[in-house]
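Worksheet for the structure shown next.
FYI, it's all coordinate maths here, none of it is from the lab. The model shown is predicted, which means the values in this text are computed figures rather than measured ones. Using ideal geometry, Cβ is built from the backbone for each residue, glycine included, and neighbour counts are taken over all protein chains shown.
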Amino acid sequence: MLRKQLLVRFPSRSVHQPPSYFSDPRTIPQPYGEPQKTSQTEQAPHQTQQAPNYDMPPPNLRSMKDFALVFLSLTLAYMAVDNYKSRVKIEKLSQETAAINIKTVQLQQQTFTSAIKKQELRIINERMALAKRSFKMALHIAMLRKQLQGLGFEPRTIDEVSAEFEKSVKMAKSAAGTELWLDDDSQYKPGLPDYREYDRKGLTP
């Protein structure tokens, strides 16, 4: 029975093809633990040697890129320096303009202050001249009153003077001031003195 089974199995094994490394020595398997060589691994070195030729740019292109980077760097540096110089000039011009404006304002203030002082001095002088003139006229009246009394005549009273003022004196107001004058029909017109005569200084004896 055992023989019969063996006889049956032998014919079935002889039907399979032998391994490929018997017909092709290049396909002999490597010992255990070593990497297997295939057609892809054999072609890999060839492909890796050709790959850099496609990735590496030509020398001229690299030099142009380097030159462009250097030119761009120099341009940016020039722009930065130019902007700094412009900012310094603007700041200097602003400071000079501010100094000129301050000096101009100071001169204007000095001119304005000087004009105010001159105006105040002129007003003071005018008031002093008016006070002197008024006092001279009052003194003149006092001298005339004394003269009349010495001759035996009674001088006119202040009430009579006020009544004649309301009757014969005319008045006009304007931006320049107030103007007073005596009516031509008044009997006192010929004897009215010019007030400017009282502004003159007396002669020394």
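Of 90, 113, 102, whose Cα points farthest to the positive end of the dipole of region 64-128 (charges on the beta-carbon: +1 Lys, Arg; -1 Asp, Glu; origin at the Cα centre)? Of the listed residues, the answer is 113. Rounded to the nearest 20, the size of the Cβ-charge dipole of region 64-128 about its Cα centre is 280 debye, with Lys and Arg at +1 and Asp and Glu at -1. In order along region 170-184, the Karplus-derived 3J(HN,Hα) couplings, from 6.51 cos²θ - 1.76 cosθ + 1.60 at θ = phi - 60°, round to 9, 9, 9, 9, 8, 5, 6, x, 10, 10, 10, 8, 8, 4, 5 Hz, and Gly and Pro are given as x. The largest-to-smallest principal axis extents of the Cα set in region 64-128 are 94, 8, 5 Å. Taken one residue at a time, the phi angles of region 127-134 give Karplus couplings (6.51, -1.76, 1.60, θ = phi - 60°) of 5, 5, 5, 5, 5, 5, 4, 4 Hz. Gly and Pro are set to x.
Computed 3J(HN,Hα) for region 87-104, one whole-Hz value per residue from the Karplus formula 6.51 cos²θ - 1.76 cosθ + 1.60 where θ = phi - 60°, is 5, 5, 5, 5, 4, 5, 5, 5, 5, 5, 5, 4, 5, 5, 5, 4, 5, 5, glycine and proline marked x.
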